[in-house]
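Everything below concerns the one structure shown next.
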Amino acid sequence: MQATQAAPRSESSFKFPTLSLVGSERSLIGMHILIALVALSIGITLGPFQTFRRAPALQWDMPIFSYYYQALTAHGVLNALVFTTYMIMAISYFVTQRSLERTLKSLKLAWLAFWLMTIGLTLAGGAIIAGEASVLYTFYPPMQAHWTFYLGLALVIVGTWLGFLDIGLTYNAWRKDHPGEKVPLAVYAVVTNGIMWFTASLGVAIEVLTMLLPMSLGIIDTTDPQVGRILFWFFGHPLVYFWLIPAYISWYTMLPKQLGVRLFSDTMGRLVFLMIMIFAIPIGVHHLYVDPGVSEVAKIFHSIFTFVVAIPSFLTAFNIAATMERSGRKRGAKSLLGWIWHQPWDNPVIVSQYGGMILFIFGGITGIMNASFNMNIALHNTAWVVGHFHTTVAGAVFMTYTSILYWLLPMVRGRKLFAPKLALAQAYLWLMGMFMFGASMGRAGLEGAVRRTDAGAAGAYVPPAAAPWLNWTAVAGMILGISAILLFVVVIGTAFFSKEKLEAEPPIHTKAPTDEYASKLFENWKLWIAVVIVSNVIMWGPVLWQAFDPVNGFWVLGVPGAAR
Ligand code: HAS
């Protein structure tokens with residue numbers, strides 16, 4: 001089948017070709033990947049820059065270093081918000097269409113979503129580049145950015161809502177045509193991600209529309225920083241699972257196919273995605289343990305539930321390790337742990353995912369330490385947290401997304417991956433560099449290095465015990481910089497210079513197994529949405545009630561509240 005052939009619209013009997021993407025699917029997914037990569041090209045370059053600026057051994061007196069906060073904002077927004085969101089939309093559209101074997105319900109809606117996101121990105125990115133939005137990726141008030149920054153972010157979020165609405169409509173149409181059939185696991189995961197994302201982003205939408213946008217337009221002149229932080233973290237914690245779920249989709253549904261084995265348990269996978277959807281939002285106060293405007297009772301309850309949200313990741317570790325064991329045994333492993341070595345350690349698509357898993361072991365352990373109420377007091381706002389989130393979002397998530405790029409981009413272009421050996425070197429270098437970065441940032445944090453601080457500025461105090469570890473982060477930054485260059489050589493090469501036509505079948509499971517029991521309850525969305533609403537009212541209601549401060553004022557309209 002030719003890559004350029006037009007796709008029939010929304011017919012359940014339609015089967016996708018096994019090779020390259022069809023025209024409409026290709027341009028939609030291709031454009032998302034393109035924007036993701038443009039954002040990443042700037043965001044990723046600013047990573048080594050941060051490490052050089054903070055390393056005491058490299059106190060270069062260069063004017064560019066005075067842009068620390070602007071660069072840190074661009075680094076966080078472009079990598080963690082823009083690259084991820086465009087990749088997530090691309091992956092979600094792809095797995096929905098491929099697994100359900102039908103095109104999206106409305107291609108026009110998907111394009112509308114794309115253009116809204118892209119106009120939003122242009123507005124927000126323009127404000128950052130102009131130096132009018134150096135407010136970091138959490139944009140806490142009372143720091144203020146240009147109104148175009150907030151409007152841009154709002155448009156990006158509305159765009160994602162429309163995209164997920166389209167996916168929901170496609171799923172509904174499939175469900176009508178397939179009564180009693182289990183939806184493929186990949187799409188089950190996308191639907192849970194969409195529900196979680198919509199609910200969570202209501203928090204930041206309220207923050208932007210009622211506080212930040214009016215403040216930046218001069219309509220109100222007072223905000224309540226505590227309320228801003230609460231609304232942000234209603235959104236901020238599920239945001240990290242919004243990034244993680246597509247990586248899990250890859251581990252659960254693509255990796256087994258790439259390894260040539262069956263997933264150990266499809267049903268356990270469903271349970272994992274359902275649990276993440278339910279437990280990701282009502283735990284966000286673990287980012288606010290040191291905030292005075294949140295009660296101790298709320299902090300303790302959110303802390304307990306934070307440990308619950310780690311359970312799906314433990315289940316994932318078990319399920320994926322068991323799947324890997326199957327693959328290792330198939331390749332001849334005999335001893336207890338021999339399956340670890342009998343893996344395709346020379347395949348960049350596999351190694352990028354395994355690298356992400358290895359880093360996530362450390363990201364998970366450090367996350368559980370952060371979640372511990374009393375330990376957090378020592379760790380919060382130190383470089384330790386930077387170590388934690390780089391082994392999660394720049395580890396498990398980023399490495400898995402590069403793996404996805406290494407098989408999805410060839411499908412978009414209909415050509416084989418360019419220079420697979422370079423791609424392999426890229427994956428190993430990133431694993432090594434990010435391990436070194438995470439470990440040295442973590443240690444620097446334990447030695448007293450603070451995060452989000454221009455440690456290279458004149459007069460900034462760097463604890464002597466932290467200095468060598470911050471220097472190591474600069475070494476890691478160089479390794480990661482080389483890995484990033486290789487990544488772009490491979491993706492640009494695949495897009496424009498690869499000559500060989502693609503022959504392999506697309507790596508995606510399309511059907512749910514029929515020999516595994518999965519209760520119909522899994523797809524009782526009315527029930528689960530009710531559970532999401534009730535659990536969040538219980539867990540966030542008291543926090544918001546306290547923040548509303550009915551005695552001293554109503555924060556929404558900018559009326560000063562209690563003295564905080
Ligand atoms: Fe986190 C702060 C707690 C997971 C990202 N986190 C952050 C921030 C970010 C972030 C960006 O409780 C900074 C926010 C800011 O700017 O202030 N986090 C957790 C916990 C988990 C967790 C308990 N975080 C993530 C994930 C992220 C992410 C995932 C991004 C994708 N985090 C916190 C807390 C803070 C925090 C506090 C606030 C700190 C503060 O004070 O500011 C858990 O979900 C982690 C569970 C994970 C596991 C790991 C399972 C391992 C797996 C690997 C499988 C391995 C296999 C073996 C199969 C238990 C699944 C492979 C073997 C081979 C040989 C290949």
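Count of segment 373-385 residues, restricted to those that are open to solvent by less than 30 Å² (accessible area, probe 1.4 Å) and more than 8 Å from the ligand (Cβ to nearest atom), is 3.
Could you name every one of the helices (runs of 4 or more DSSP H) located completely within segment 212-272 that has at least 2 residues being surrounded by 24 or more Cβ atoms within 10 Å (Cβ to Cβ)? Break it down stepwise before answering.
Details: elements: 213-216, 225-249, 255-259.
Answer list for segment 212-272: 225-249.
Remark: PHE373 falls outside the filter, which requires a residue to be out of contact with any His (no Cβ under 6 Å at 6 or more places or on another chain), hydrophobic (A, V, I, L, M, F, W, C) and under 29 Å from TYR406 (Cα atoms).
ILE350 - would you say it is within 9 Å of the ligand (Cβ to nearest atom), farther than 19 Å from ILE482 by Cα and surrounded by fewer than 23 Cβ atoms within 10 Å (Cβ to Cβ)? Against the criterion (within 9 Å of the ligand (Cβ to nearest atom), farther than 19 Å from ILE482 by Cα and surrounded by fewer than 23 Cβ atoms within 10 Å (Cβ to Cβ)), ILE350 does not qualify. Residues considered: ILE365, ILE304, ILE281. Of these, the only one that is open to solvent by less than 30 Å² (accessible area, probe 1.4 Å) and either near the ligand (Cβ under 8 Å from one of its atoms) or under 26 Å from PRO246 (Cα atoms) (or both) is ILE281.
Of all residues in segment 218-249, those that are under 13 Å from the mean Cα position of the chain (by Cα) and either at positive phi or hydroxyl-bearing (Ser, Thr, Tyr) (or both) total 2. Kindly establish whether THR392 is in contact with a Gly (Cβ under 6 Å, 6 or more places away or on another chain) and more than 6 Å from the ligand (Cβ to nearest atom). For THR392, the condition - in contact with a Gly (Cβ under 6 Å, 6 or more places away or on another chain) and more than 6 Å from the ligand (Cβ to nearest atom) - is not met.
Checking the condition more than 9 Å from the ligand (Cβ to nearest atom) and crowded, with 20+ Cβ neighbours inside 10 Å, which residue from ARG413, ARG326 passes?
Result: ARG413 is the single residue among ARG413, ARG326 that is more than 9 Å from the ligand (Cβ to nearest atom) and crowded, with 20+ Cβ neighbours inside 10 Å.
Being open to solvent by less than 20 Å² (accessible area, probe 1.4 Å), out of contact with any Lys or Arg (no Cβ under 6 Å at 6 or more places or on another chain) and at pLDDT 90 or above is the requirement here; does ALA449 meet it? When the stated conditions are applied, ALA449 passes them.
Select from segment 151-172 the residues that are more than 17 Å from TRP115 (Cα to Cα) and either at pLDDT below 95 or open to solvent by less than 20 Å² (accessible area, probe 1.4 Å) (or both) and list them in ascending order. Break it down stepwise before answering.
Step one: list which residues in segment 151-172 are more than 17 Å from TRP115 (Cα to Cα), which gives 168-172.
Correct list: THR170, TYR171.
Is at least one residue of segment 396-408 assigned to a loop (DSSP other than H, G, I, E, B), within 9 Å of the ligand (Cβ to nearest atom) and out of contact with any strand residue (DSSP E or B) (no Cβ under 8 Å at 6 or more places or on another chain)?
Among the residues of segment 396-408, not one is assigned to a loop (DSSP other than H, G, I, E, B), within 9 Å of the ligand (Cβ to nearest atom) and out of contact with any strand residue (DSSP E or B) (no Cβ under 8 Å at 6 or more places or on another chain), which makes the answer no.
Taken together, ALA280, ALA317 contain a single residue that is at pLDDT 95 or above and in contact with a Pro (Cβ under 7 Å, 6 or more places away or on another chain), which is ALA280.
Where in segment 60-132 are the helices (runs of 4 or more DSSP H), entirely inside, with at least 3 residues that are at pLDDT 95 or above and either open to solvent by 40 Å² or more (accessible area, probe 1.4 Å) or within 30 Å of ASP177 (Cβ to Cβ) (or both)? Please lay out each step first, then the result.
Values: elements: 68-75, 84-100, 107-129.
In segment 60-132, 84-100, 107-129 are the helices (runs of 4 or more DSSP H) which contain 3 or more residues that are at pLDDT 95 or above and either open to solvent by 40 Å² or more (accessible area, probe 1.4 Å) or within 30 Å of ASP177 (Cβ to Cβ) (or both).
The values are calculated or read from the model by the stated rules, or taken from the named source; none is laboratory data. Just so it is clear, the model here is predicted, and its values are computed rather than measured. Quick reminder, even Gly has a Cβ in these numbers, built from the backbone with ideal geometry, and neighbours come from all protein chains shown. Keep in mind that these areas ignore ligands, DNA and RNA; they rest on the heavy atoms of the full protein, side chains included. Shrake-Rupley method; radii C 1.70, N 1.55, O 1.52, S 1.80 Å.
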